Structure formats: structure tokens, C-alpha cells
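The values are calculated or read from the model by the stated rules, or taken from the named source; none is laboratory data. The shown structure was predicted, so the numbers you read here are calculated from the model rather than taken from an experiment. Cβ sites come from the backbone with ideal geometry, for glycine too, and all protein chains shown count toward neighbours. The accessibility values were calculated without ligands, DNA or RNA, using every heavy atom of the protein model including side chains. Shrake-Rupley method; radii C 1.70, N 1.55, O 1.52, S 1.80 Å.
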Amino acid sequence: MTRGSRGAGEGILLSIGRRAFLGLSAAVPVALAAPALAGRARARLVVIGGGAAGASIARRLVHERTEVTLIEPRPVYTTCFASNLYLAGLRSLDSLRFGYDRIRALGVGMVVERATGVDRDLGRVALQDGGTVAYDRLVVAPGIDFVPGSVPGWSPEAASRMPHAFGGGDQLVLLRRQIEAMRPGGVFAMIAPPDPSRCPPAPYERVSMVAHLLTRINPTARILIVDPKDSFADQALFEEGWQAHYSGMIERLGPEMNAGNIAVDPDRMQVLVDDVPEPVDVCNVIPAQQAGAIARLAGLAGQGGWAATDPLSLQSRADPRIWVLGDSADTAPMAKSAFSAHGQARVAAAAILAELGLARPDDRPPVYHNACWSVLAPGDAVRAADDYRPSARGITRIGGSISQMGEDAATRRATWDEAQGWYRAITSEIFG
């Protein structure tokens, strides 16, 4: 690993003349990125982002002839998946938190710092503290960022009053405290995101979990969903569950009710639908999303905000030395989820090691899988799963399954148990 403060030989990398560190690296011809591994005993493999995709691939890239470095600003990672159960009081915050000691123990070097730029010409990642990390191959897995201005009136600065709680423990804690402090009969509002977004069923599972908490502590409270989408993932299953467990508590406004014209006023604690103000006590704003900032700064994301990749390997379309995984990658129609990200890490790791001559190439195209469990109430969960096959042209859904409406309590209990078991298994595979 090459990391250090700005030295005589590195100062130019951080100067204004380095286009890539200003996010203009897309202008650098891809041909300039040709690797030069001859004479080097170990390939330098760098991973940006320590979530489901990044931590998973860092573990898989460890080899006697690789030097793997994981760059992640948080020394302890809080999973976004399963975090809705914390809002319901069904999980502790500690149960969602994972450190990187076991990943370090495998031989992965940890840099607890924020990546602020990628020089694709020289093969270096810039860090917030002024240091750099050199790479021969780079994996970019930073998750999501929000699209500025996508919810008029809301900004990251307003998140202390109208939290997004869609990544990170502090926001989760804040949102739960706000819910617990609601006046009797108050209104909890959620601004749902447009597609594509991280874990499409997650906002509606959140509504279910907030409703569960409110039935215990504030049973006369009301929940208002303001949704710009015509429909949402697993809608019939959620609506059936809401009727069964929280009848009369939840109202959803879709585009047919002018919910396409949404704004918020954090100072007055109002949601404005078609310019009509609705006073609310708590407002959870989940804005439109795009690839994480470092993917955009590196010139890997296109006009749609997501990074185009080769569906056979997840290799960046913009640079042959870079792979983009997880939520930042444009892998539609595959859902953006922890399950998808973990599987993508397996495919990308195999491709990288094969390209370096450290593993046998697999001529068979991979098959991607995704599964999402959504909790409607304690002991009542549903599941949707999909399979995808990639080709040189894109990714195609080839099959799947989904829970059925009207399932008996034993079936739903089994799905609940399956969801808890999956969380234990996947976090063990990701973090060790």
C-alpha cells in the first residue's frame, strides 16, 4: 500500500492541474489507464467503500500475490438493511453495527478516511487527509448519494429536522427519538423516493415498522406516505399487511393525488402537496438517489447518475482498471440491495483475479440473484426473489418468486425466521 501525506513527488497529484482529482477524469483517454504490473510481486487492489459490496470483495481479493486496501471513512459500519427493525424496537442499534477487525485479520489493509478523488491516469486515490493510495485495480462501491433539490425545500442541512435515516446510525437514532416524542394523535409523514432507489421495498417496510411502534406508544397517530410513484414494490402484500395490522392508520398519496408535486418546509414542519400545506409532527424525507460522490467525481457515472458497467463482470464502462459494485452501479433491472451487492462482489472478484492471472477464468456467464425480505409486523414477513442473466447487451430477469397474499400465519412466521437467519448469515459473510 502506498499512502502518505503530500510529499515532493505527490504534491502535483493534488494540485488544481490534476483534472481527475477535480472529478474530470472522464476526459482522460481509457488507453492511458493500461496497467503495468511487470516486475511487481503483488498487485495493488484498492476498494473504496466498506459496505455489503466493498467489504465482501475485499475479503475475496486476498491472495498471496495481492495487496488489498479497503478505504472506508467509518470505523464501525451500521447496516441500512434491517435498520427498520430498530425503528420498531425489534432490534438494538448495536446489532446493526460491525467493525473491520476480522477483515484486517485476513490481511486487508484498512484506511479509515474518506476518498475524495481518483486519478485514473496515474492510478491513485486521493484521501481527505491529503494522502494518496496507489492501485493497479480499483473497486468503487460507495453506495448512494441523494440528488440535490429532488425534494424542494429539503437539503442535507435540514436532515436534523426532517431526517432521511437511509444510511448511518445517527439518523436512525434521531428519527426514532422524533417518533417517540410525537404528540398523541400526531402525524408521521414519509416522502418516498422515485425509482431507482436503494432497496425498493425498504420505505414501505419502514412504514410498517413505524406503525408497529406507534400502535404501542401512540395508537391514535396517523401515517401519511407521499409517493411520486404510480406503484411500489410488493404493493399488494404491504397493503394487505397494513389492513391486517394497522387498519385506518396509514394513508398513501400517489401521483393521482398530485403527489408528484411535493415540497417540504422544515421550519414550519409542513409537507406541501400541490402547494397545499399539511402540518406534520415527524417527516422522514427519502430523496431521489444517485451513485455515491466518489463514483461521480471519478467520471464513472453517466447522465442518469449511475455508473455503467459490463454486466458480465461489473467492470466499469469508463475505465478497464475499475469495477463498480452495489448501489452505485447501473445494473437494472436488478434491485439495489445488500443481497445483490454481495453477489456482485463474488462475480467481480473472480473477474479481477482471473484478469491478473491469479485464478482460472470461468467461461460461463454468471447468474445474479436478489432476495428482499420485508417485515410487516413481528412474526409476519414476506419475501421477493429474482434471478438475472447478464450478456454483452445488458441484464435480463429470468425468473423469480414472491410471497402470496392470504398466506397462513405459519408460512409468514417461517419467512420471518428466514429473514432473521439471512441477516445473521450475510453479515457474517461480509464482515467475518
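Could you check the range 328-432 for strands (runs of 3 or more DSSP E) lying wholly inside it with 2 or more residues that are open to solvent by 60 Å² or more (accessible area, probe 1.4 Å) and either more than 24 Å from ALA288 (Cα to Cα) or not hydrophobic (A, V, I, L, M, F, W, C) (or both)?
Strands (runs of 3 or more DSSP E) meeting the threshold: 380-390, 395-402.
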Hey, among GLN270, GLN303, which residue is without any contact (Cβ under 8 Å) to a residue 12 or more places away in the chain and closer than 30 Å to GLU180 by Cα? GLN270
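Answer yes or no as to whether ALA52 is in contact with a strand residue (DSSP E or B) (Cβ under 9 Å, 6 or more places away or on another chain) and in contact (Cβ under 8 Å) with a residue 60 or more places away in the chain.
Numbers: in contact with a strand residue (DSSP E or B) (Cβ under 9 Å, 6 or more places away or on another chain): no; in contact (Cβ under 8 Å) with a residue 60 or more places away in the chain: yes.
No.
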Among the listed residues ASP145, ASP136, ASP195, ASP121, identify the single one that is open to solvent by 30 Å² or more (accessible area, probe 1.4 Å), under 30 Å from ALA354 (Cβ atoms) and either basic (Lys, Arg) or in contact (Cβ under 8 Å) with a residue 12 or more places away in the chain (or both). ASP121
Residue among ARG91, ARG104 that alone is closer than 13 Å to PHE431 by Cα, open to solvent by 40 Å² or more (accessible area, probe 1.4 Å) and without any contact (Cβ under 8 Å) to a residue 24 or more places away in the chain: ARG104
